[in-house]
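> Shown below is the structure under consideration.
The values are calculated or read from the model by the stated rules, or taken from the named source; none is laboratory data. Quick caveat: nothing in here was measured; it's all calculated off a predicted structure. Virtual Cβ from ideal backbone geometry, glycine too; neighbours counted across all protein chains shown. Protein only, heavy atoms only, side chains kept; ligands, DNA and RNA dropped before computing areas. Shrake-Rupley method; radii C 1.70, N 1.55, O 1.52, S 1.80 Å.
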Amino acid sequence: DPVERAFQERVDRGEKIEPKEWMPEGYRKTLIRQISQHAHSEIVGQLPEGNWITRAPTLERKAILLAKVQDEAGHGLYLYCAAETLGVSRDELYEQLHSGKAKYSSIFNYPTLSWADIGAIGWLVDGAAIMNQVPLQRCSYGPYSRAMIRICKEESFHQRQGYDILMKMVKGTDAQRDMVQDALNRWWWPSLMMFGPSDDASVHSAQSMAWKIKQNSNDELRQKFVDQTVPQAEYLGLTIPDPELKWNAEKGGYDFGEPDWSEFFEVIAGNGPCNKERLGARVKAWDEGAWFRDGLVAHAEKTAARRRAAQIAAE
Amino acid sequence: DPVERAFQERVDRGEKIEPKEWMPEGYRKTLIRQISQHAHSEIVGQLPEGNWITRAPTLERKAILLAKVQDEAGHGLYLYCAAETLGVSRDELYEQLHSGKAKYSSIFNYPTLSWADIGAIGWLVDGAAIMNQVPLQRCSYGPYSRAMIRICKEESFHQRQGYDILMKMVKGTDAQRDMVQDALNRWWWPSLMMFGPSDDASVHSAQSMAWKIKQNSNDELRQKFVDQTVPQAEYLGLTIPDPELKWNAEKGGYDFGEPDWSEFFEVIAGNGPCNKERLGARVKAWDEGAWFRDGLVAHAEKTAARRRAAQIAAE
Amino acid sequence: MAAVAETAVDQAALFDFLLRMGDNCLILGHRVSEWCGHGPVLEEDIALANVALDLIGQTQLWLGLAGTIEGRGRDADALAYRRDAQGFRNLLLTEIPNGDFGHTLMRQFLFDAWHLPMLKALEGSSDPRLAEIAAKAVREVAYHLERSGDLVIRLGDGTEESHRRMQTALEALWPYTGEMFMDDAGDARLAGVAPLPSSLRDAWQATLSEVLSEATLQQPADGYMHRGGKRGVHSEHLGFILAEMQFLQRAYPDATW
Amino acid sequence: MAAVAETAVDQAALFDFLLRMGDNCLILGHRVSEWCGHGPVLEEDIALANVALDLIGQTQLWLGLAGTIEGRGRDADALAYRRDAQGFRNLLLTEIPNGDFGHTLMRQFLFDAWHLPMLKALEGSSDPRLAEIAAKAVREVAYHLERSGDLVIRLGDGTEESHRRMQTALEALWPYTGEMFMDDAGDARLAGVAPLPSSLRDAWQATLSEVLSEATLQQPADGYMHRGGKRGVHSEHLGFILAEMQFLQRAYPDATW
């Protein structure tokens, strides 16, 4: 197909594809799936961190956390807008989230059990997200690429804030240090799983790479993440909960153990510690907000009708 | 009317009136009003104290408070049963409570704001209640009299427990002593108002006294309460929040200031700090429990029907 | 200059006033932040987080100054995290549970409509420290009021159901509005530094009249008004807010965060 | 004799086991006590307060003994009020929010049906201190199970709505039942002192089969089971329970009550 070939050549040349331009149906579908999944992750991702806003230990930390959660909602907004340029409405996307058809990042199905988790999420979860997202700034689809540029800037700020929380805590009391180690123990493996299973096991990878929707393999990114994170953990005086972890001078990176992928697939299948709570909270928010949304629509219609009536009267 | 005269003579002789015996309609109505009001007070009275069960400062205090609130529910039960002997159903009485037609003791419309309030309620509120209730043990209506005997025994136990809470607190830190004084400041006047307005202002008093439904005047009981309570407050090292309070050697009792009756009537009219919360909580409990009560009724009917069917089959 | 100002006004009354300002922001900010991730549309999640953020920022300023005035070494965090309910001076209005989203919005509107004229008056305070904080906060709060007023209008004059919910919220919250305008002895001692609460009523009423009329909502008749928050006698709700808010500071007294 | 028993078993495992027993009682007792004054009929208010009271009494015994075993001077109150969530060892089942009254009852039934055989087994513990506590608690818990089982039957086989609510509750709670029967290394070290959790499953299942069948309720298929409570990895709910429960002890560390 010459049209498809021309499209692929544009992608290969590094041109950006823009909303009204022709694109293969598979490209569109893959993008919608990926962008909306990312958007949903931002929205659901408000919940585990939001869980500690009312308990943040200082006013400054509370303000920082509020701002962070607000940023996440903002990222959700950019991403839904990017998805909408592909011809799907936000309401449709919500519907897919609420019915369980669309996924969000499984990491948000783990609970936040101490204040150190807020630090760990910033450090590890945002860290892994950035690792995934930095290459997406060069994604072939223009609106997505631009959204990612904006998002990455804020995310790296969040990551530093998370690390700062932990830094302060490890310099504190024994109880605080224990909290931090405990948080690392719980978040380490789920963070590694954020890159997805090994590429051999991933169906969509090859085509997505060709379309420059995806730029690096899951394993590459995971390795990069481990190599970046281990020295940071050491600096904090923490132990990575992986007995197989060791420096491999030959490859210039760390060897590390295999995550428990059965857990990963369980959580994806809905069997994580908080899947029901997370989705339940979103569905509840949406359902209980129906009257609010309807009210605003009704008001807008009334106002428009009045304006028309006033115009007619004036004519 | 000779029947009424005979009735009055029985009362005057100190005989007990029992459920199936003749009684004047006014006697019945007055008793229903008074007993149900008392029952409602026990039920609503669970709420201010229940508010601190989950925050009781030790396991022992938590157990004592749970037992106390449970006793109150039990008192409610005796009293509803006593009222039922007068030909009114518990559901009717609830209906009157929920619709706002029946009253409950206004004291429970004040909030419990610190742990010292739990002590103060035991000491002052139960103390005032006992003062009111002790004479009712000799009430002319048998079932009410017997319920009161049982209740008074438990109430005086509660009062001692309340005083014990405060005793422990005033022996503690400055902050604890402040809490206790603050609780006394807030509960003192409402407790005095528990005896009702001065008898001159009370409509039903004279007839109730003649029927031995009421045995002492409001002012007598209030005086007795003050005389009993002031030395207890002194023993705790507390200051009664009444600048007019002073010992009157001539009358062998304390002179004290006039409660703010406008506040009393406001609270009775629904304008107290917690009227809406208290009644709202009870109505909510009742409404949300409808399916539960219906379920039990349905099961009882099914079981009875099955038993009948089995009997028929057996015959 | 500061020394002159400090001797001229009653420091205890000033401390109390600053707690009132800061505690209003802290407690309302807490309540608003409970919505994070649970709002009816994404834009509202963002907007509410923004309001909460502004209020927490203002809390830091007011309580920070309160600590300075008190002069006993307590900073804003010490005041926020180490006082029990009796020490809080916020309006009862700010501690009421969120209820439905309409209830939250109406509470915000009733508060904002008071908060803005309060801050405007404080911009002219004879104490430059108060004037400076007010000048910063007034811009944020003007936006809060614009937003809450606009939503009250749109939902009041929306569907039958949204109208009903907003009217219900207004009636439920009304008895908590009176406290905003009650003067006490402390207020009287701050002449020039802070406005008398009663002096703010006209501006508040003007905003209400305008917004409620456009929202087709009925202002309730004045009746019984709850009071106590400003002198530390709160509802039963505040204790639960504080148990949650202060947990880490209380459980780990030696920690720094 | 006590000295012999103490050297014979792993004291750390025993401490942990006693925390599990005590924390189950404490946290479930807390949840149940939240109903005080809010039950659907007065008799239920009384019955639930009674269950909560029994559970708090049992908490005192288990945690008291735990403190003795630990030997670091912590009594039952210190253990209840001064540990953070990570130190708690209760089943996740016990910390789940109450939901509607059917949910609360079903949770109680699922717990009681495990609690009773656990206590019966502990009556035969080689450690007389455990056996003694179990002997006291078993009578109370037999009554809890009688009551919760009876209500599950009556509501399951009641109206369509009560049936639906009970079935919904059963399904929602089911993934929290597996943790009761999971053995770990600590359990293995307590042979003779405490039963293996897995050994209680048959008795539990027998109770369930009998009650659910009479209740016309469908036992869900076994699927994913939540875990973590027994080793201190809880749900997000426990932190809020503790913030409330521990407030006074945390806020007033020097006080006695």
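Residue by residue, here is whether (1) without any contact (Cβ under 8 Å) to a residue 60 or more places away in the chain; (2) within 14 Å of chain B (Cβ to nearest Cβ) holds:
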site: C:Ser198; (1), (2): yes, no
site: C:Arg201; (1), (2): yes, no
site: C:Ala206; (1), (2): yes, no
site: C:Ser209; (1), (2): yes, no
site: C:Ala215; (1), (2): no, no
site: C:Gln218; (1), (2): yes, no
site: C:Gly223; (1), (2): yes, yes
site: C:Arg231; (1), (2): no, yes
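> A:Tyr80 is checked against (1) within 14 Å of chain C (Cβ to nearest Cβ); (2) out of contact with any Lys or Arg (no Cβ under 6 Å at 6 or more places or on another chain); (3) open to solvent by less than 20 Å² (accessible area, probe 1.4 Å); (4) farther than 25 Å from A:Pro273 by Cα and fails just one. What number does that condition carry?
Condition (2) is where A:Tyr80 drops out.
> Taking B:Ile130 as meeting all but one of (1) under 26 Å from B:Ala63 (Cα atoms); (2) surrounded by 24 or more Cβ atoms within 10 Å (Cβ to Cβ), write down the number of the exception.
For B:Ile130, the exception is condition (2).
> Something else: Out of A:Ala281, A:Ala285, I need the residue that is in contact (Cβ under 8 Å) with a residue 24 or more places away in the chain and not polar (S, T, N, Q). Which one? So that I can check it myself, show each step before the final result.
Details: A:Ala285 fails: in contact (Cβ under 8 Å) with a residue 24 or more places away in the chain.
Being in contact (Cβ under 8 Å) with a residue 24 or more places away in the chain and not polar (S, T, N, Q) holds for just one of A:Ala281, A:Ala285, which is A:Ala281.
> Can you work out which of the residues in region C:127-186 that are in contact (Cβ under 8 Å) with a residue 60 or more places away in the chain and part of a loop (DSSP other than H, G, I, E, B) is nearest to the chain's Cα centre (by Cα)?
C:Thr177
> Can you tell me how many residues in region D:88-115 are open to solvent by less than 20 Å² (accessible area, probe 1.4 Å) and part of a helix (DSSP H, G or I)?
18
> Which residues, taken from region C:26-43, are part of a helix (DSSP H, G or I), more than 8 Å from chain A (Cβ to nearest Cβ) and open to solvent by 10 Å² or more (accessible area, probe 1.4 Å)?
C:Arg31
> Can A:Phe256 be described as over 17 Å from A:Ser105 (Cα atoms) and in contact with a helix residue (DSSP H, G or I) (Cβ under 7 Å, 6 or more places away or on another chain)?
Here the answer is yes, as A:Phe256 does meet what is asked.
> Only one of A:Gly122, A:Gly100, A:Gly87 is closer than 30 Å to A:Asp182 by Cβ and more than 9 Å from chain C (Cβ to nearest Cβ); which?
On the way: A:Gly100 fails: closer than 30 Å to A:Asp182 by Cβ; A:Gly87 fails: closer than 30 Å to A:Asp182 by Cβ.
Residue meeting the stated conditions: A:Gly122.
> Assuming B:Thr303 fulfils every condition listed in (1) buried (at least 17 other Cβ atoms within 10 Å of the Cβ); (2) among the β-branched types (Val, Ile, Thr); (3) within 9 Å of another protein chain (Cβ to nearest Cβ) apart from one, which condition is it?
Among (1) buried (at least 17 other Cβ atoms within 10 Å of the Cβ); (2) among the β-branched types (Val, Ile, Thr); (3) within 9 Å of another protein chain (Cβ to nearest Cβ), B:Thr303 violates only (1).
> Could you list, in sequence order, the residues of region C:48-61 that are open to solvent by 20 Å² or more (accessible area, probe 1.4 Å) and either closer than 28 Å to A:Lys284 by Cα or in contact with a Lys or Arg (Cβ under 6 Å, 6 or more places away or on another chain) (or both)?
Across region C:48-61, the qualifying residues are C:Asn50, C:Leu53, C:Asp54.
> Condition test on C:Gly124, is it over 13 Å from the mean Cα position of the chain (by Cα), of a type outside the set (Ser, Thr, Tyr) and open to solvent by 40 Å² or more (accessible area, probe 1.4 Å)?
Against the criterion (over 13 Å from the mean Cα position of the chain (by Cα), of a type outside the set (Ser, Thr, Tyr) and open to solvent by 40 Å² or more (accessible area, probe 1.4 Å)), C:Gly124 qualifies.
> Among what's in region D:208-257 and is surrounded by 20 or more Cβ atoms within 10 Å (Cβ to Cβ) and basic (Lys, Arg), pick the residue that is farthest from D:Asp112 (Cα to Cα).
Looking at the filtered set, the residue picked out is D:Arg250.
> Answer yes or no as to whether A:Arg160 is open to solvent by 40 Å² or more (accessible area, probe 1.4 Å) and either within 23 Å of A:Tyr104 (Cα to Cα) or in contact (Cβ under 8 Å) with a residue 40 or more places away in the chain (or both).
Judged against the criteria, A:Arg160 is not a match.
> Would you confirm, using the coordinates I've provided, whether B:Arg222 is modelled with pLDDT of 95 or more, more than 14 Å from chain D (Cβ to nearest Cβ), surrounded by 17 or more Cβ atoms within 10 Å (Cβ to Cβ) and assigned to a helix (DSSP H, G or I)?
Yes; evaluated as a whole, the condition is true for this residue.
> Name the single residue, out of those in region B:210-219 being open to solvent by less than 40 Å² (accessible area, probe 1.4 Å) and touching an Asp or Glu at 6+ places or on another chain (Cβ under 8 Å), that is farthest from B:Arg186 (Cα to Cα).
B:Ser217
> Are any residues in region D:62-77 more than 10 Å from chain B (Cβ to nearest Cβ), at negative phi and open to solvent by 10 Å² or more (accessible area, probe 1.4 Å), and if so, which ones?
Matches in region D:62-77: D:Leu65, D:Thr68, D:Ile69, D:Glu70, D:Arg72, D:Arg74.
> Listed residues B:Pro241, B:Pro231; which is part of a loop (DSSP other than H, G, I, E, B) and either surrounded by 18 or more Cβ atoms within 10 Å (Cβ to Cβ) or not acidic (Asp, Glu) (or both)? Can you show your working first?
Numbers: B:Pro231 fails: part of a loop (DSSP other than H, G, I, E, B).
Sole residue among the options that is part of a loop (DSSP other than H, G, I, E, B) and either surrounded by 18 or more Cβ atoms within 10 Å (Cβ to Cβ) or not acidic (Asp, Glu) (or both): B:Pro241.
> When you go through A:Val69, A:Val88, A:Val3 one by one, which is the residue that is in a helix (DSSP H, G or I) and at pLDDT 95 or above?
Values: A:Val88 fails: in a helix (DSSP H, G or I); A:Val3 fails: at pLDDT 95 or above.
Testing whether each residue is in a helix (DSSP H, G or I) and at pLDDT 95 or above leaves just A:Val69.
> Now for a different question. Take A:Gln181 and tell me if it is of a type in the set (S, T, N, Q), touching a helix residue (DSSP H, G or I) at 6+ places or on another chain (Cβ under 9 Å), surrounded by fewer than 16 Cβ atoms within 10 Å (Cβ to Cβ) and not in a loop (DSSP other than H, G, I, E, B).
When the stated conditions are applied, A:Gln181 does not pass them.
> Quick one: B:Leu47 ticks every box in (1) open to solvent by 10 Å² or more (accessible area, probe 1.4 Å); (2) farther than 26 Å from B:Arg10 by Cβ; (3) within 12 Å of chain D (Cβ to nearest Cβ); (4) out of contact with any Lys or Arg (no Cβ under 6 Å at 6 or more places or on another chain) except a single one, so which number is it?
(4) is the only condition that B:Leu47 fails.
> For residues in region A:257-282 being within 14 Å of chain C (Cβ to nearest Cβ) and open to solvent by 40 Å² or more (accessible area, probe 1.4 Å), which is farthest from C:Leu151 (Cα to Cα)? Give the steps one after another, and end with the answer.
To start, the set of residues in region A:257-282 that are within 14 Å of chain C (Cβ to nearest Cβ) comprises A:274, A:277-282.
Keeping just the survivors that are open to solvent by 40 Å² or more (accessible area, probe 1.4 Å) gives A:277, A:279.
Details: A:Glu277: 29, A:Leu279: 27 Å.
Applying the filter and picking the extreme gives A:Glu277.
> Show the residue pairs that are 6+ apart or on different chains and have beta-carbon atoms under 9 Å apart, the first residue being within region A:223-235 and without any contact (Cβ under 8 Å) to a residue 24 or more places away in the chain, the second being crowded, with 16+ Cβ neighbours inside 10 Å.
A:Glu234/A:Ile240; A:Tyr235/A:Met167
> Also, I was wondering about something else. With the checklist (1) closer than 30 Å to D:Asp157 by Cα; (2) β-branched (Val, Ile, Thr); (3) under 17 Å from the mean Cα position of the chain (by Cα) in hand, flag the one item D:Val233 doesn't pass.
Here D:Val233 meets the rest and fails (1).
> Going through region A:16-41 one residue at a time, which ones are open to solvent by 10 Å² or more (accessible area, probe 1.4 Å) and among the aromatic types (Phe, Trp, Tyr)?
Within region A:16-41, A:Trp22 is the sole residue that qualifies.
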